[in-house]
């Protein structure tokens, strides 16, 4: 792919803020972004340009009918000074799955990878090396055709932006969150866009999230609308840990987004690559049995798997009738902590990762 460079003059470049405080999540921007346009059935004009506004007509399909998809990945600075992407090919695959789900054009995975590596090379000085930090990678695509007809757009823009980021939740991994279990709101339904990482799914979660906050909860545990089975926790895949140390993840279906973190944990378990001989499996989890097993001490830890937070432990669940159910002692459990440390050290190069899971950002030119 031929990528045109339109870079700022060096004196205009901003730099990563120097601070001992944790970086905010998702607030900082680097100097440049990648853009590419889809016209007449083909992707054209691949370019890296200064970060800034994107011109869009008021009638653009994305603004009216929600043809928007995105991904989230991370690059890490290792002790050798190199920058490494973690399992980014999985994000490329998932973006194309989302595109198919929303009748949008796919972006060749090789082009996604090349564009991201080139942008990361240019912005490598923005990659932080403080604990629980990363250079967050946000690829996204949106429809641009100026049309009010309800149909797939004829034009699209694919963009990649970067954000130096600290932990997703204030306080990082060490704080266990409280979840609201609700039957009032549902994240997705069978036959819809639940497996796609699209804007509409996240917009639909905002009302439930605000409702949870009013009740003193950090997020929502979503259930299947028909069967009261556990699906996702906020924007993450749910997990719980049985008393023998087994991690249990809800079985993927057509209303659950397949977390790269969840898939990695399952693959590591198959390889025998997890600490403390932890095992992992998937199954359908009915809410009533889950609550009974928590109360009986058969479930000792729980949380969420996702790219932004990696692992977010849960300390307690709140039912809508006001009943609170603690998990273990309400704090981060040893199995979740061991897995988090193992996984995070693998991402930053302090533990070996399976072959192909880390991709070094090479220097171009």
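Conditions tested, residue by residue: (1) in the same structural domain as residue 232 (by TED's automatic domain parsing); (2) surrounded by 18 or more Cβ atoms within 10 Å (Cβ to Cβ); (3) farther than 22 Å from residue 310 by Cβ.
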| residue | (1), (2), (3) |
| --- | --- |
| 178 | yes, yes, no |
| 181 | yes, yes, yes |
| 184 | yes, no, yes |
| 189 | yes, no, yes |
| 192 | yes, no, yes |
| 195 | yes, yes, no |
| 198 | yes, yes, yes |
| 201 | yes, yes, no |
| 206 | yes, no, yes |
ask   = Which residue out of 322, 315, 328 is assigned to a loop (DSSP other than H, G, I, E, B) and crowded, with 17+ Cβ neighbours inside 10 Å?
value = 328
inquiry  = Looking for something in a loop (DSSP other than H, G, I, E, B), out of contact with any strand residue (DSSP E or B) (no Cβ under 8 Å at 6 or more places or on another chain) and surrounded by fewer than 22 Cβ atoms within 10 Å (Cβ to Cβ) - is there at least one such residue anywhere in region 282-296?
reply    = yes
query = Restricting region 1-18 to residues that are out of contact with any strand residue (DSSP E or B) (no Cβ under 6 Å at 6 or more places or on another chain) and surrounded by 10 or more Cβ atoms within 10 Å (Cβ to Cβ), which is nearest to residue 106 (Cα to Cα)?
reply = 7
Residues satisfying the stated conditions in region 213-231, i.e. free of Cβ contacts under 8 Å to residues at least 60 places away in the same chain and either under 24 Å from residue 266 (Cα atoms) or buried (at least 23 other Cβ atoms within 10 Å of the Cβ) (or both) = 220, 222, 224, 229, 231
Helices (runs of 4 or more DSSP H) contained in region 87-206 and holding at least 3 residues modelled with pLDDT of 95 or more and more than 19 Å from the chain's Cα centre (by Cα) = 109-122
inquiry  = Show the residue pairs meeting these rules: Cβ distance below 6 Å; 6+ apart or different chains; first residue within region 278-296 and under 17 Å from residue 233 (Cα atoms); second residue surrounded by fewer than 17 Cβ atoms within 10 Å (Cβ to Cβ).
reply    = 282/251; 283/251; 284/251; 287/228; 294/325
message = Just the residues that are touching a helix residue (DSSP H, G or I) at 6+ places or on another chain (Cβ under 6 Å) and not in a loop (DSSP other than H, G, I, E, B), please, taken from region 52-69.
response = 68, 69
task = Would you point out the residue of region 207-225, among those that are farther than 29 Å from residue 100 by Cα and in a helix (DSSP H, G or I), that is farthest from the chain's Cα centre (by Cα)?
result = 214
remark   = Of the candidates 117, 35, 102, 28, the one satisfying the condition of being crowded, with 18+ Cβ neighbours inside 10 Å and within 24 Å of residue 264 (Cβ to Cβ) is 117
query = Based on what the data block shows, is residue 71 surrounded by 21 or more Cβ atoms within 10 Å (Cβ to Cβ) and either without any contact (Cβ under 8 Å) to a residue 24 or more places away in the chain or touching a strand residue (DSSP E or B) at 6+ places or on another chain (Cβ under 7 Å) (or both)?
reply = yes
inquiry  = Tally up the residues in region 247-291 that are touching a helix residue (DSSP H, G or I) at 6+ places or on another chain (Cβ under 9 Å) and over 25 Å from residue 191 (Cβ atoms), please.
reply    = 13
query = For region 21-51, which residues satisfy the criterion of being at negative phi, without any contact (Cβ under 8 Å) to a residue 60 or more places away in the chain and either part of a loop (DSSP other than H, G, I, E, B) or touching a helix residue (DSSP H, G or I) at 6+ places or on another chain (Cβ under 7 Å) (or both)?
reply = 21
note = Expected single match for within 23 Å of the chain's Cα centre (by Cα) and either modelled with pLDDT of 95 or more or in the same structural domain as residue 229 (by TED's automatic domain parsing) (or both) among 322, 297, 273 is 273
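The values are calculated or read from the model by the stated rules, or taken from the named source; none is laboratory data. What you see is a predicted model; the values in this text were computed from it and never measured. With ideal geometry, Cβ positions are generated from the backbone for all residues, glycine too; neighbour counts draw on all protein chains shown.
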